[in-house]
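What follows is a single structure, written as structure tokens, with notes after it.
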Amino acid sequence: MTRITIRAAREDDDLATLGIIEREAARLFAPWGLDVLFGSATTPVAILDEARREQRLLLAVDHDDLPIGFALLSRVDWHGHLEELDVHPDHGQRGIGRALVDASIAWARARGLGRLTLATMRDVPFNGPWYLRLGFRELDEHEIGPGMRTVFQRELAGGYPVERRVFLARDLG
């Protein structure tokens, strides 16, 4: 088993390598026809650096302290929001994604936020069904605030198959 550590991104971390992780993880979506969409654009380094400065970027690093996964967090509608979670496929199926989710929950709790939300693919086993097994639940229509609606509109404009997307939340109270 790979020994990993979850930690906040630091100034000396090479944020450009996170784009490689993101592109490689996108390949896993090929059976659902989503690999090109998810791999066509990665999170800009400037956004990752802003998140790093604001302590909203968590890294999974290997025994050499090299990134092998990451979680990008924000606040949406007064809740913590998991914008992106990627693990390099070479390190998949080893609990790294779950460790990043646990660290994301801790991040939200440390900021006094009562919920962690995300948007994910309903029909991809390592997306919607996986998060449901981790204690997330589908948000009811009345629970989707203006910030989450903005996320939806941004995804719609970006060509995401929004009919296959689902908003999930894990209550932290």
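The values are calculated or read from the model by the stated rules, or taken from the named source; none is laboratory data. Quantities reported herein were computed from a predicted structural model and do not represent experimental measurements. Using ideal geometry, Cβ is built from the backbone for each residue, glycine included, and neighbour counts are taken over all protein chains shown. When the accessible area is computed, the model is the full protein with side chains, heavy atoms only, and any ligands, DNA or RNA have been set aside. Shrake-Rupley method; radii C 1.70, N 1.55, O 1.52, S 1.80 Å.
Of all the helices (runs of 4 or more DSSP H) wholly in the stretch 87-173, which have at least 3 residues that are open to solvent by 40 Å² or more (accessible area, probe 1.4 Å), of a type outside the set (Ser, Thr, Tyr) and modelled with pLDDT of 95 or more?
96-110, 128-133
Among the residues of the stretch 66-81, which ones are part of a strand (DSSP E or B) and more than 19 Å from residue 11 (Cβ to Cβ)? Spell out how you get there, then give the answer.
Filtering the stretch 66-81 down to residues part of a strand (DSSP E or B) leaves 67-76, 79-81.
The answer is 68, 69, 74, 75, 76, 79, 80, 81.
Among helices (runs of 4 or more DSSP H) lying entirely in the stretch 1-63, which contain 1 or more residues that are touching a strand residue (DSSP E or B) at 6+ places or on another chain (Cβ under 6 Å)?
On the way: elements: 16-26, 35-39, 45-53.
In the stretch 1-63, the matching helices (runs of 4 or more DSSP H) lie at 16-26, 45-53.
Could you list, in sequence order, all residues of the stretch 25-73 that are at pLDDT 95 or above, touching a Gly at 6+ places or on another chain (Cβ under 8 Å) and under 23 Å from residue 150 (Cβ atoms)?
Once the filter is applied, which keeps residues that are at pLDDT 95 or above, touching a Gly at 6+ places or on another chain (Cβ under 8 Å) and under 23 Å from residue 150 (Cβ atoms), the stretch 25-73 yields only 73.
Please work out which one of (1) open to solvent by 10 Å² or more (accessible area, probe 1.4 Å); (2) under 19 Å from residue 165 (Cα atoms); (3) out of contact with any Asp or Glu (no Cβ under 7 Å at 6 or more places or on another chain); (4) not β-branched (Val, Ile, Thr) is the condition residue 80 fails and give its number.
Residue 80 satisfies every listed condition except (1).
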